[in-house]
Amino acid sequence: MRGNKQYLILTFVIIFFAFTVSGEINAEGHKCVLPAQDFKEVSNCVKLSKKGQLFIASQYLRQLSFGENDLAVVYSKEEGWMYVNRKGRVIISEVAAMDNGADDFHDGLVRFSKKNKWGFADVKGGVVVPAIYDGALNFKNKTAKVCRGCTWRCADKECEQHYLSGGEWFYINTKGNIFKKVKEGDNE
C-alpha cells in the first residue's frame with residue numbers, strides 16, 4: 001500500500017511539473033509550416049509559455065528534421081523562420097531567409113533580424129552580434145561584411161532577388177568586433 005501511495009504522489013508531482021514547465025498561455029497558438037514535411041501548414045503549432053518563451057507544440061516535434069546542430073527549421077507568418085531544439089523551444093526567431101528557407105549557420109552563427117536591423121546568433125540562441133546593422137552578409141573564414149546606412153534593392157524585375165547598396169561597410173569578426181572599414185563592392 002505504501003508503495004502505491006508513493007507512486008501516486010510521484011506521478012502527481014511529475015504531471016504538475018510538466019504543466020508548470022510548459023505553462024502554455026496561448027491555447028490556440030499560431031499556424032506554422034513544417035519544411036521537413038513538404039511545407040505542410042499545421043494549426044496550433046507555435047505556442048507561448050508564461051515566461052514569454054516560444055515553443056513548438058509537442059505533437060509536431062516528431063515531424064521535424066533535426067540537423068547537425070540538433071536544431072530544426074520551422075516557419076510561421078508571425079515569427080518568420082525559426083530554429084527549434086529537440087525539446088521544442090524556439091532558440092532563434094526571425095532568421096534571415098535564404099533560397100526560400102532559413103539561412104544556414106556559417107562559422108557557428110546565423111543572421112537574424114529585429115526591427116529591420118541585422119545581427120548574428122549562435123546555435124544556442126545567444127546573440128553574439130546585436131541587431132544593429134542595416135545589412136549583413138554571412139560569415140566566411142570567421143569574417144562577415146556588415147553595413148550601416150545601406151538599403152536593400154531588387155536585383156530583378158520580380159524582386160525575388162535582393163542586394164545591399166550604399167552606406168558604410170565594415171568587416172567584423174565572430175565576436176562582433178569591427179576590424180576594417182571597406183568600400184562598397186570590395187570583396188577582399
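A short reminder: the numbers here are calculations on the coordinates, not readings from a lab. Remember, predicted model here, so these are calculated numbers, not experimental data. Cβ: placed from backbone, ideal geometry, glycine included. Neighbour counts: every protein chain shown.
Take the Cα of residue 162, step 7 Å along the line toward its Cβ, and report every residue of the stretch 124-141 whose backbone nitrogen sits under 15 Å from that point. Zone members listed by number: 132-138.
Which of the trypsin sites (Lys or Arg not before Pro) across the stretch 114-161 are loop residues per DSSP, with 13 or fewer other Cβ within 10 Å? Write out the running numbers ahead of the final one.
Values: sites: 114, 115, 117, 124, 140, 142, 145, 148, 153, 157; in loops: 115, 124, 142, 157.
Filter output for the stretch 114-161: 115, 124, 142, 157.
Using the Karplus relation 6.51 cos²θ - 1.76 cosθ + 1.60 with θ = phi - 60°, the per-residue 3J(HN,Hα) values for the stretch 39-48 come to 6, 5, 8, 10, 8, 6, 9, 8, 10, 10 Hz, with x marking Gly and Pro. All C-alpha pair distances within the stretch 61-188, sorted into 10 Å bins from zero, spread as 13, 42, 32, 12, 1 percent across the bins.
Summary of packing: across the peptides 79-92, 158-171, the per-residue average of other C-beta atoms within 10 Å ranks them, highest first, as 79-92, 158-171. Computed from backbone phi with θ = phi - 60° and the Karplus coefficients 6.51, -1.76 and 1.60, the 3J(HN,Hα) list for the stretch 79-84 is 10, x, 6, 9, 9, 10 Hz; x is used for glycine and proline.
Taking 0.36 nm per residue of sequence separation and subtracting the Cα-Cα distance, how much length would be gained by fully extending the chain between residue 41 and residue 140, in nm to one decimal? All intermediate terms of the calculation are to be shown ahead of the outcome.
On the way: separation 99, 0.36 × 99 = 35.64 nm, distance 3.35 nm.
Difference between extended and current length: 32.3 nm.
Please compute the net charge surrounding residue 132, taking Lys and Arg as +1 and Asp and Glu as -1 over other residues with Cβ under 11 Å from its Cβ. Show your work: numbers first, answer last.
Working: positive: 114, 115, 117, 148; negative: 134.
Neighbourhood net charge equals +3.
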